[in-house]
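K.L.:
Before I ask anything, here is the structure I am working with.
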Amino acid sequence: MSAAMDTESTYSGYSHYSGHSKKAHRQGRDRHKSPRSKDGSRSEKSVTIQTPPAEPLLGNDASRAEEGQDDNWGETTTAITGTSEHSISQEDIARISKDLEDSVGLDCKRYLGLTVAAVLGLLVFLTPIAFILLPQILWRDDLEPCGTVCEGLFISVAFKLLILLIGTWALFFRQPKADLPRVFVFRALLLVLIFLFVFSYWLFYGVRILDSKDTNYQGIVQYAVSLVDALLFIHYLAIVLLELRQLQPMFTVKVVRSTDGESRYYSLGHLSIQRAALVVLENYYRDFTVYNPALLTASKSRAAKHMAGLKVYNVDGNNASGQSRAMIAAAARRRDSSHNELYYEEADHERRVRKRRARLVVAVEEAFTHIKRLQAEEQQKAPGEMMDPREAAQAIFPSMARALQKYLRTTRQQQYHSMESILQHLSFCITNNMTPKAFLERYLNPGPTLQYDRDRWFSKQWTLVSEEAVTSGLQDGVVFVLKCLDFSLVVNVKKIPFIKLSEEFIDPKSHKFVLRLQSETSV
């Protein structure tokens with residue numbers, strides 16, 4: 001309780017900076033107004049890839065507090081104890097209802113395919129058992145006695161079915177990573193092949209064994225064993241088509257983000273366009289830095305300012321085209337020095353970043369030094385009076401809050417780090433006895449998309465645009481685009497060239513030589 005009162009009194013010391021809050025609220029409203037994308041009519045095919053929701057739409061109280069967190073937490077930080085009320089707008093309700101509808105449709109589509117595969121798999125595993133049990137049930141008295149070889153076949157069928165069950169579970173029954181727009185061709189072909197195979201076995205069994213009531217029970221068991229052996233070979237074929245075929249790299253794809261031009265190269269095997277798009281997105285969340293639209297605001301405002309300074313007037317409706325061209329040329333000459341403005345602007349920005357980074361490093365090091373001093377004092381107290389990492393993080397956070405917020409504002413990262421997320425990261429570092437440098441790593445260098453909260457990704461649902469069919473394989477020169485709300489990923493496919501190596505033999509004797517020393521004797 002005393003730690004909470006100290007935290008409250010320390011937090012309230014930053015409340016006199018609340019004059020900046022109105023400006024920050026206006027900036028927050030402008031930032032949350034996402035522009036609507038307008039796509040013209042194109043001949044390209046457009047399909048949608050949506051990742052399955054891994055978390056509930058409405059999280060716990062901490063996640064709801066992050067959504068309503070003000071960006072000015074470093075200047076208007078105040079600890080308030082007691083009850084709190086949460087409000088939700090009509091736009092949030094509409095967004096939540098739309099996400100619920102999308103998730104329901106996605107779950108139905110995903111579970112429908114899983115149900116069909118499960119029913120077919122159950123039919124496959126019950127068929128050999130039915131082949132063996134039906135003669136025992138229908139005409140048991142007329143069957144020939146089962147000898148030693150026949151009983152040994154029972155053990156063979158049991159173990160082969162167990163191996164097939166484990167392999168099928170490992171290959172087919174896995175949590176899907178994404179919802180693809182089209183069916184997986186090889187998987188669908190395998191399901192059709194298995195269905196036709198089992199159907200043909202049942203047809204032969206019904207005509208040649210059930211109708212004639214065959215008394216050769218050993219031959220019936222051998223027929224069931226042949227079915228299990230064929231199913232094992234089909235499972236091997238599935239491993240080759242679904243897993244091994246795509247391992248050998250055959251293509252190199254270049255992925256470029258349309259907004260800032262960040263690019264990566266990846267090697268892919270024989271994949272369809274939609275599965276290649278899925279691999280690209282998996283690597284995007286891991287390798288690309290998080291998309292930050294605030295970094296593009298400065299260049300856009302600079303270009304708008306230059307264009308706004310160019311004005312041409314036509315007085316009394318006269319034809320002044322020559323004069324207009326002269327004015328445009330003069331304005332262009334005056335703006336030839338705009339590169340100097342850009343140079344000094346970037347230099348000033350780098351200077352401010354270095355300055356605020358140094359202040360942040362010093363503040364964090366002092367805070368962690370205070371933590372070590374508190375830990376030394378806590379060791380002398382009783383076990384019941386020791387602070388947990390959360391309380392320790394709340395105690396030292398105000399000393400670094402202002403420096404951290406200024407640095408995040410300068411580098412335009414404030415929308416990715418709320419006060420609650422920073423407190424959680426700070427308590428995590430204290431719990432694991434991490435250094436100040438390890439704590440600052442997340443904020444000094446923009447990390448990949450997976451490092452941040454899911455609601456700050458700016459890219460959850462993707463649309464695949466391709467001139468070729470998305471089920472067709474990759475080819476040299478194929479280009480497809482992955483679009484989301486704010487940006488797109490342009491993927492260019494190039495085939496790895498055929499490499500021809502030749503061998504050149506070097507004679508080992510060519511490297512040998514003889515050193516002859518001529519001794520000189522004195523006369």
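K.L.:
Before we move on, is Ser267 surrounded by fewer than 15 Cβ atoms within 10 Å (Cβ to Cβ), in contact (Cβ under 8 Å) with a residue 12 or more places away in the chain and within 44 Å of the chain's Cα centre (by Cα)?
P.N.:
Yes.
K.L.:
Can you work out which of the residues in region 243-255 that are of a type in the set (D, E, K, R) and not in a helix (DSSP H, G or I) is farthest from Leu296 (Cα to Cα)?
P.N.:
Kept after step one, since they are of a type in the set (D, E, K, R), are these residues of region 243-255: 243, 245, 254.
Then keep just the ones that are not in a helix (DSSP H, G or I); that gives 245, 254.
Details: Arg245: 42, Lys254: 23 Å.
Only one residue tops the list, namely Arg245.
K.L.:
If you check every pair at least six apart or on different chains, which have Cβ atoms under 6 Å apart with a residue in region 132-157 that is outside the structural domain of Arg208 (by the TED database) and modelled with pLDDT of 85 or more first and a residue that is open to solvent by 80 Å² or more (accessible area, probe 1.4 Å) and hydroxyl-bearing (Ser, Thr, Tyr) second?
P.N.:
none
K.L.:
Somewhere in region 496-503, is a residue touching a helix residue (DSSP H, G or I) at 6+ places or on another chain (Cβ under 7 Å), outside the structural domain of Ser272 (by the TED database) and either open to solvent by 30 Å² or more (accessible area, probe 1.4 Å) or not in a helix (DSSP H, G or I) (or both)? So that I can check it myself, show each step before the final result.
P.N.:
In the first step, residues of region 496-503 are kept if they are touching a helix residue (DSSP H, G or I) at 6+ places or on another chain (Cβ under 7 Å); the result is none.
Looking through region 496-503, none of the residues is touching a helix residue (DSSP H, G or I) at 6+ places or on another chain (Cβ under 7 Å), outside the structural domain of Ser272 (by the TED database) and either open to solvent by 30 Å² or more (accessible area, probe 1.4 Å) or not in a helix (DSSP H, G or I) (or both).
K.L.:
Please determine whether any residue of region 256-266 is closer than 30 Å to Ile129 by Cα, polar (S, T, N, Q) and part of a loop (DSSP other than H, G, I, E, B).
P.N.:
Filtering region 256-266 for residues closer than 30 Å to Ile129 by Cα gives none.
Within region 256-266 (the criterion being closer than 30 Å to Ile129 by Cα, polar (S, T, N, Q) and part of a loop (DSSP other than H, G, I, E, B)), the answer is no, since none of the residues qualifies.
K.L.:
Right, here's the next one. Being out of contact with any His (no Cβ under 8 Å at 6 or more places or on another chain), part of a helix (DSSP H, G or I) and under 23 Å from Val353 (Cα atoms) is the filter here; which residues of region 405-422 pass it?
P.N.:
Gln405, Lys406, Tyr407, Arg409, Gln414, Gln415, Tyr416, Met419, Ser421, Ile422
K.L.:
Tally the residues that are among the hydroxyl-bearing types (Ser, Thr, Tyr) and either closer than 19 Å to Leu203 by Cα or open to solvent by less than 90 Å² (accessible area, probe 1.4 Å) (or both), restricting the search to region 110-157. Walk me through how you get there before you give the answer.
P.N.:
To start, the set of residues in region 110-157 that are among the hydroxyl-bearing types (Ser, Thr, Tyr) comprises 111, 115, 127, 148, 156.
Still in the list and also either closer than 19 Å to Leu203 by Cα or open to solvent by less than 90 Å² (accessible area, probe 1.4 Å) (or both): 115, 127, 156.
Final tally of qualifying residues: 3.
K.L.:
Looking at Arg174 and the list (1) basic (Lys, Arg); (2) in contact (Cβ under 8 Å) with a residue 12 or more places away in the chain; (3) closer than 22 Å to Arg245 by Cβ, which single condition is not satisfied?
P.N.:
Looking at each condition in turn, Arg174 falls short on (2).
Residue-by-condition table, conditions (1) modelled with pLDDT under 90; (2) more than 20 Å from Thr463 (Cβ to Cβ); (3) within 31 Å of the chain's Cα centre (by Cα):
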site: Leu237; (1), (2), (3): no, yes, yes
site: Pro249; (1), (2), (3): no, yes, yes
site: Arg257; (1), (2), (3): no, no, yes
site: Leu278; (1), (2), (3): no, no, yes
site: Leu281; (1), (2), (3): no, no, yes
site: Pro293; (1), (2), (3): yes, no, yes
site: Lys305; (1), (2), (3): yes, yes, no
site: Gly309; (1), (2), (3): yes, yes, no
site: Val312; (1), (2), (3): yes, yes, no
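K.L.:
Answer yes or no as to whether Ser466 is open to solvent by 20 Å² or more (accessible area, probe 1.4 Å) and small (Gly, Ala, Ser).
P.N.:
no
K.L.:
Let me ask something additional. With the structure loaded, tell me whether Ala403 is closer than 23 Å to Tyr452 by Cβ, at pLDDT 85 or above and touching a Lys or Arg at 6+ places or on another chain (Cβ under 6 Å) or whether it fails that test.
P.N.:
yes
The values are calculated or read from the model by the stated rules, or taken from the named source; none is laboratory data. Everything numeric in this text was worked out from a predicted model, so none of it was measured. Every residue, glycine among them, receives a Cβ derived from its backbone with ideal geometry; neighbour counts consider all protein chains shown. Accessible surface areas use protein heavy atoms only, side chains included; no ligands, DNA or RNA. Shrake-Rupley method; radii C 1.70, N 1.55, O 1.52, S 1.80 Å.
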